[in-house]
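Working notes, beginning with the structure itself.
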2 protein chains.
Amino acid sequence: MTAYDIIEKKRYGKELTDDEINFFINGYTLNRIPDYQMSALLMAICCNGMSENETFALTNCMLHSGDIVDMSKIDGIVVDKHSTGGVGDTTTLALAPLLACCGVKVAKMSGRGLGFTGGTIDKLESIPDFNTSLSQEKFFEIVNKVGCCVIGQTENLAPADKKLYALRDVTATIDSIPLICGSIMSKKLASGAQAVLLDVKYGEGAFMKTKERAVELAQIMVKIGNRAGKKFAALVTDMSEPLATKVGNSLEIIGAIEVMKGKRNRLSDEMSLVAEKLLVLSGKYDSESARHAVESALTDGRALAKFKEMVEAQGGNTIFVDHPEKFALGETKDVTADKDGYVYSMRTEELGKAVTLLGGGRMVKSDVIDHSVGFEMRVSIGDKVTAGDVLVTVYHRDKNTDLVCDLIKNSIEIRDEMPAPKKTAYAYVTENEVEYY
Amino acid sequence: MTAYDIIEKKRYGKELTDDEINFFINGYTLNRIPDYQMSALLMAICCNGMSENETFALTNCMLHSGDIVDMSKIDGIVVDKHSTGGVGDTTTLALAPLLACCGVKVAKMSGRGLGFTGGTIDKLESIPDFNTSLSQEKFFEIVNKVGCCVIGQTENLAPADKKLYALRDVTATIDSIPLICGSIMSKKLASGAQAVLLDVKYGEGAFMKTKERAVELAQIMVKIGNRAGKKFAALVTDMSEPLATKVGNSLEIIGAIEVMKGKRNRLSDEMSLVAEKLLVLSGKYDSESARHAVESALTDGRALAKFKEMVEAQGGNTIFVDHPEKFALGETKDVTADKDGYVYSMRTEELGKAVTLLGGGRMVKSDVIDHSVGFEMRVSIGDKVTAGDVLVTVYHRDKNTDLVCDLIKNSIEIRDEMPAPKKTAYAYVTENEVEYY
């Protein structure tokens with residue numbers, strides 16, 4: 001078996017065996033197969049695809065390239081969610097305590113933000129003294145006691161993916177369903193939760209540009225997850241505008257607290273849907289009882305109390321939970337509409353860049369984050385606006401402020417006509433069926 | 001313009017501009033673009049192809065990456081031929097003097113053999129004292145005086161191709177018509193001849209496995225050559241058995257001398273056809289007069305006299321031309337038929353390995369070549385044989401002898417049925433038409 005023969009086989013669109021996939025991925029991870037051979041194979045996979053069997057073998061091999069978290073020390077069922085990446089996707093922050101209130105465990109390991117994607121860990125660290133670097137023992141202890149805990153991802157989770165992703169990122173081989181599946185699912189399976197809900201975003205700023213491809217990705221990921229013996233399902237959701245109205249590190253914590261206080265908006269709707277689906281997936285609820293459990297935990301204050309309990313357990317200053325107005329925020333500057341009309345579309349990916357440009361994200365790992373910056377959406381798609389109306393309020397510290405205001409203005413399209421109404425959730429994908437909303 | 005964007009464009013099957021191709025190829029040649037990005041682009045080209053415009057831009061860019069030989073100091077029209085690689089392809093050795101006899105110039109720069117392909121330079125160096133490393137002045141002087149000269153290729157001919165080929169060789173990206181075209185045509189155009197006949201081989205042991213793909217490759221190469229302002233045409237020929245009966249370094253010189261003495265066989269037939277086509281391409285002959293000129297130069301001894309003149313001009317010992325029996329050859333060992341039947345097929349590529357295994361080729365550049373080894377085919381496809389008949393006589397120096405005899409025996413298939421008759425030349429491809437034989 002040689003790397004050459006394996007590349008050639010895939011170049012002609014033939015199905016690789018488990019042994020061939022293991023040989024190549026392990027060889028690459030151990031630096032026995034060079035980058036230039038891996039990038040040729042990756043491009044051949046992009047062009048010719050992979051079967052379900054190949055995708056399963058790829059995922060499995062990447063999964064076993066590093067640590068696999070053993071959650072058996074946690075009492076009860078551990079659930080998790082994964083988003084393929086969205087702007088203002090604050091779901092996790094309120095979801096974790098909400099689910100814990102409903103009797104399932106959330107032992108979440110999250111990543112830091114890099115490039116134009118915000119990280120849950122960075123957001124939580126807006127809360128003074130919040131500790132995201134706990135030992136595994138302490139982590140499990142908090143999960144067992146509180147019901148939820150969010151820490152930083154272990155360095156050695158699916159290292160094969162880390163190496164592969166860096167190469168894909170510079171060889172235009174990101175956009176491939178089997179490769180995206182392998183990357184996401186190897187990490188999710190290594191994270192150890194028993195029931196996982198995937199949130200597959202589609203739209204201009206997402207990996208998947210169309211609904212159809214998002215459903216296709218969701219289907220293969222759910223199949224691979226179930227084949228690995230876990231319970232997986234997926235929501236396919238629209239990313240045509242930021243999910244939360246408040247975007248940025250401290251701002252997203254504030255937004256999540258508002259939701260836990262019972263505020264209804266796109267974020268709370270999507271989070272409630274994710275929570276319901278996860279409760280059903282856990283086997284402890286049916287749809288009706290799940291909806292009721294979520295609704296009541298959000299409205300009777302239990303979710304917020306649980307969040308405070310988690311912040312306390314992780315060393316954070318709970319005054320900020322009780323008084324979110326204490327968060328230091330940047331100076332404000334409004335971006336206004338140039339003309340009358342309807343908010344017709346947004347370039348969400350461009351909006352996502354704003355936080356990083358303001359200093360709230362990092363372009364390289366060593367960048368220090370300013371938690372006080374970000375922006376607040378004052379309009380949604382479909383809103384009628386008059387010239388001069390505020391579209392977005394920017395929170396800044398005099399870094400790239402004008403650039404960001406221009407960027408935001410250019411990312412929001414105002415037209416005379418009303419846009420067609422859009423639902424946030426497009427489909428729900430389980431092992432055997434796709435349910436369209 | 002970034003390497004990433006160019007890879008992505010080709011990955012989605014879009015046409016690259018001249019600027020994009022120049023940016024990528026020049027960047028790679030100057031080590032500004034790394035191997036892993038080039039191999040991703042190469043695989044995308046393998047999977048999605050290239051248009052004629054892209055192929056022309058690729059060829060042109062590779063052509064200008066190094067020296068371009070200026071043949072203006074040679075009086076009269078300079079012709080050249082190129083074979084895509086065959087076993088026992090001794091054509092050049094007799095073709096050069098033959099063409100010189102017919103009033104066109106042959107200023108040939110040839111490569112050395114590497115891997116399982118024999119090199120014309122290695123063959124000529126079988127003649128004691130034959131000098132293939134001449135200065136350009138001396139080279140042109142001999143061409144002007146004698147009419148032909150064969151020397152080693154300059155190191156700096158299309159260096160972009162050298163770097164690209166090494167990468168393609170380890171990433172399963174050899175088999176691509178635009179890439180093969182770019183590789184061959186950049187070197188041919190840099191070599192400076194005004195009229196070139198391409199010999200595109202097809203069959204199991206050739207780059208092109210089918211006749212149809214060989215015609216396709218021939219067509220694009222002829223188009224690119226003519227677009228570059230030169231006269232190009234191509235023969236598409238079968239490689240189902242070695243072209244010459246004698247294969248090896250000294251053995252091929254002996255075989256070429258036999259042809260120049262008027263012997264008729266597959267080699268002389270193909271060489272005569274190549275010579276006729278080149279004379280017509282040069283514009284100095286029509287088909288009828290070309291055929292006559294070739295025939296008479298071979299039968300009246302002028303071709304052999306011209307060969308001797310060239311050997312002398314290049315310092316070689318002409319006694320070996322007059323008395324080819326003086327060449328030192330290895331010990332002989334016969335490979336015989338195991339059963340009665342017809343010689344049905346040969347694995348020509350395997351036969352090509354025999355010479356290298358016997359010590360007559362090099363696996364790495366520094367290997368020293370034994371000119372005395374090789375083999376002589378005693379049968380052709382379609383011959384009737386009886387068990388015990390000699391199929392091949394091996395000339396060896398006790399290196400891998402048994403291995404090679406087994407390899408040869410296993411490469412010649414004997415069946416009860418007669419094979420369908422095959423013509424050596426399948427098609428003749430010019431700018432505007434394909435003529436099938």
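What angle do you read, to the nearest 10 degrees and between 0 and 90, between the alpha-carbon axis of helix B:266-281 and the longest principal axis of chain B?
40
Under the definition of Cα pairs under 8 Å and six or more residues apart, what whole-number percent is the relative contact order of segment A:1-158?
On the way: 176 pairs, mean separation 33.9, N = 158.
So the answer I get is 21 percent.
Tell me, what % of the accessible area of segment A:374-420 is carbon and sulfur with a 1.4 angstrom probe?
Working: 1000 of 2430 Å².
That fraction is 41 percent.
Please average, across the residues of A:46-54, the number of beta carbons from any other chain that are within 10 Å of each residue's own beta carbon, and give a whole number.
Averaged over the peptide's residues, the number is 2.
Which one, B:PRO419, B:PRO159, B:PRO242, has the greatest fluctuation when you compute a Gaussian network model over chain B with C-alpha springs under 10 angstrom?
B:PRO419
In square angstrom, what is the accessible area per residue of segment B:3-63 with a 1.4 angstrom probe?
39
Considering only protein heavy atoms and a 1.4 Å probe, what is the carbon-and-sulfur percentage of the accessible area of segment A:140-282? Numbers along the way, then the final one.
Numbers: 2120 of 3980 Å².
Heavy-atom surface of segment A:140-282 belonging to carbon and sulfur, 1.4 Å probe: 53 percent.
Report the one residue of B:GLY147, B:LEU179, B:GLY118 whose Cα lies farthest in the direction of the positive end of the charge dipole of segment B:97-215 (charges on C-beta: Lys and Arg +1, Asp and Glu -1; origin at the Cα centre).
The Cα lying farthest towards the positive end belongs to B:LEU179.
Express in whole angstrom the spacing between the alpha-carbon centres of segment A:109-188 and segment A:214-242.
Cα centres, segment A:109-188 to segment A:214-242: 18 Å.
Identify the residues of segment A:355-387 with backbone N under 11 Å of a label point that sits 7 angstrom from the Cα of A:ARG397 along the Cα-to-Cβ direction, or state none.
Once the point is set 7 Å along Cα→Cβ of A:ARG397, A:358-361, A:368-374 turn out to lie under 11 Å by backbone N, inside segment A:355-387.
Kindly provide the GluC sites (Glu not before Pro) of segment A:205-270 that DSSP labels as loop, not H, G, I, E or B, and whose Cβ sees at most 11 other Cβ atoms within 10 Å.
Details: sites: A:GLU212, A:GLU216, A:GLU252, A:GLU258, A:GLU270; in loops: none.
Of the GluC sites (Glu not before Pro), not one in the loops of segment A:205-270 has a Cβ with at most 11 other Cβ atoms within 10 Å.
Quick one: go through segment A:179-216 and flag any residue whose amide nitrogen is under 11 Å from the point 7 Å out along the Cα-to-Cβ line of A:GLN136.
Zone members listed by number: none at all.
Based on C-alpha coordinates, I'd like the Rg and Dmax of chain A, in Å.
Every Cα atom of chain A included, Rg and Dmax give 21.7, 67 Å.
Using a Gaussian network model of chain B whose springs link C-alpha atoms within less than 10 Å, name the residue from B:ASN317, B:ASN31, B:ASN156 with the highest mean-square fluctuation.
B:ASN31
Of B:LEU407, B:SER296, B:TYR436, which is farthest along the charge dipole of segment B:280-437 in the positive direction, counting Lys and Arg as +1 and Asp and Glu as -1 at C-beta?
Of B:LEU407, B:SER296, B:TYR436, it is B:LEU407.
Compute the Rg/Rh shape ratio of segment B:125-200: radius of gyration over Kirkwood radius, all on alpha-carbon atoms.
Values: Rg = 15.5 Å, Rh = 14.8 Å.
So for segment B:125-200, dividing Rg by the Kirkwood Rh gives 1.05.
Which value, in square angstrom to the nearest 100, describes the accessible area buried between chains A and B on both sides, using a 1.4 angstrom probe?
Numbers: alone 18350 and 18350 Å², together 34830 Å².
In total, chains A and B hide about 1900 Å² from solvent.
Under a crude label model (7 Å from the Cα following the beta-carbon direction), how far is B:SER72 from A:ASN31 in nanometres?
It is 5.3 nm.
Could you sort A:SER296, A:SER183 by their accessible area in this structure, using a 1.4 Å probe and putting the largest first? Walk me through the intermediate numbers first.
Working: A:SER296 30, A:SER183 5 Å².
The ranking, largest first, comes out as A:SER296, A:SER183.
I need the inter-copy label distances for B:GLU417: point set 7 Å along Cα to C-beta, values in nm with one decimal, smallest first.
6.6
Over all alpha-carbon pairs in segment B:292-416, figure out the percentage whose distance exceeds 22 Å. Don't skip to the end; give the middle numbers.
Working: 4081 of 7750 pairs.
For segment B:292-416, the fraction of Cα-Cα distances above 22 Å is 53 percent.
Between B:ALA158 and residues 5 or more places away or on another chain, which pairs have amide H atoms under 5 Å apart, with H built 1.01 Å from N, and which residues are they?
Residues meeting the criterion, in which the H sits 1.01 Å from N, are B:GLY66, B:ASP67.
One decimal, nm, shortest first: give the distances between the label point of B:GLU137 and those of the same position in the other copies, each label point 7 Å from Cα along Cα→Cβ.
Distances to the matching label points in the other copies: 8.5 nm.
Find how many whole Å separate the alpha carbon centroid of segment B:258-317 from the alpha carbon centroid of segment A:360-437.
Cα centres, segment A:360-437 to segment B:258-317: 77 Å.
Between A:GLY352, A:GLY315, A:GLY147, find the one with the highest GNM mean-square fluctuation for chain A; connect C-alpha pairs within less than 10 Å.
Greatest mean-square fluctuation among the candidates belongs to A:GLY315.
Taking the Kirkwood radius as the inverse of the mean 1/r across Cα pairs, report the Rg/Rh of segment B:3-63. Working shown, then result.
Working: Rg = 10.4 Å, Rh = 11.3 Å.
That ratio is 0.92, to two decimals.
May I ask you to report, in nm to one decimal and beginning with the shortest, the distances from B:ASP300 to the same position in the other copies, taking label points 7 Å along Cα-to-Cβ?
Shortest to longest, the spacings are 11.5 nm.
Over all directions, what mean area does the Cα convex hull of the protein assembly as shown project, stated in square nanometres? Can you show the working numbers first?
Values: hull surface 174.1 nm².
Reported value for the Cα convex hull: 43.5 nm².
Which value, in Å², gives the accessible area per residue of segment A:329-415 when a 1.4 Å probe is used on the protein heavy atoms? Before the final figure, lay out each step's value.
Numbers: 4140 Å² over 87 residues.
Accessible area per residue: 48 Å².
If you roll a 1.4 Å probe over the heavy atoms of the protein chains, what accessible area per residue do you get for segment A:159-233, in Å²? It would help to have the intermediate numbers written out before the result.
On the way: 2200 Å² over 75 residues.
So segment A:159-233 comes to 29 Å² accessible per residue, rounded to a whole number.
Quick one: dipole size for segment A:3-63, taken about the Cα centre, charges +1 on Lys/Arg Cβ and -1 on Asp/Glu Cβ, in debye to the nearest 20.
On the way: 5 positive and 9 negative charges, 38 e Å.
Here segment A:3-63 has a charge dipole of around 180 debye.
Within 10 Å of each Cβ in peptide A:165-173, how many partner chain Cβ atoms are there on average? Round it to a whole number, please.
That works out to 5 on average.
With +1 on the Cβ of every Lys and Arg and -1 on the Cβ of every Asp and Glu, and nothing else charged, how large is the dipole of chain A about its Cα centre, in debye rounded to the nearest 20? It would help to have the intermediate numbers written out before the result.
On the way: 52 positive and 62 negative charges, 99 e Å.
Charge dipole, chain A, about its Cα centre: 480 debye, nearest 20.
Can you compute the FRET efficiency between B:SER51 and B:TYR165 using 1/(1 + (r/R0)^6), with r the Cβ-Cβ distance and R0 = 25 Å? Round to the nearest 0.05.
Values: r = 22 Å, r/R0 = 0.88.
That pair, B:SER51 with B:TYR165, gives E of 0.70.
Name the residues of segment A:1-21, by number, that are at least 50 Å² less accessible with every protein chain in place than in the isolated chain; the surface is that of heavy atoms, probe 1.4 Å, without ligands or nucleic acids.
By number: A:TYR4, A:ARG11.
Sequence neighbours fewer than 8 away in the same chain don't count; with that in mind, list the lysines whose C-alpha is under 24 Å from A:LYS162.
Partners found: A:LYS10, A:LYS81, A:LYS108, A:LYS123, A:LYS187, A:LYS188, A:LYS201, A:LYS209, A:LYS223, A:LYS230, A:LYS353, A:LYS365.
Would you please put B:96-103, A:285-292, A:21-28, B:59-66 in order of how densely packed they are, using the mean number of other Cβ atoms within 10 angstrom per residue and starting with the highest?
Working: B:96-103: 25.1, A:285-292: 14.5, A:21-28: 20.9, B:59-66: 22.4.
Descending packing order for the listed peptides: B:96-103, B:59-66, A:21-28, A:285-292.
Assuming R0 = 51 Å, what is the FRET efficiency of A:GLU431 and A:ASP300, from their Cβ-Cβ distance, to the nearest 0.05? Provide the component values of the computation, followed by the final result.
Values: r = 34 Å, r/R0 = 0.67.
Rounded to the nearest 0.05, the efficiency is 0.90.
Starting from the Cα coordinates of segment B:360-437, work out the convex hull volume and express it per residue in Å³. Don't skip to the answer; put the middle values down first.
Details: hull volume 12.5 nm³, N = 78.
Taking only Cα atoms, segment B:360-437 has a hull volume of 160 Å³ per residue.
Taking the dipole about the Cα centre of the protein assembly as shown, with the C-beta of Lys and Arg at +1 and of Asp and Glu at -1, give me whichever of B:VAL259, B:ALA425, A:CYS61 is farthest to the positive side.
Of the candidates, A:CYS61 comes out farthest on the positive side.
Please state the relative contact order of chain B as a whole percent: Cα pairs under 8 Å, 6+ residues apart?
On the way: 900 pairs, mean separation 83.1, N = 437.
That works out to 19 percent.
Ranked from the most accessible area to the least, with a 1.4 Å probe and all protein chains present, what is the order of B:ILE68, A:ILE33, B:ILE77?
Values: B:ILE68 80, A:ILE33 10, B:ILE77 35 Å².
Order by accessible area, largest first: B:ILE68, B:ILE77, A:ILE33.
The values are calculated or read from the model by the stated rules, or taken from the named source; none is laboratory data. Since this is a predicted model, take the numbers as computed values, not measurements. With ideal geometry, Cβ positions are generated from the backbone for all residues, glycine too; neighbour counts draw on all protein chains shown. Side chains included, ligands, DNA and RNA excluded: accessible areas come from the protein's heavy atoms. Shrake-Rupley method; radii C 1.70, N 1.55, O 1.52, S 1.80 Å.
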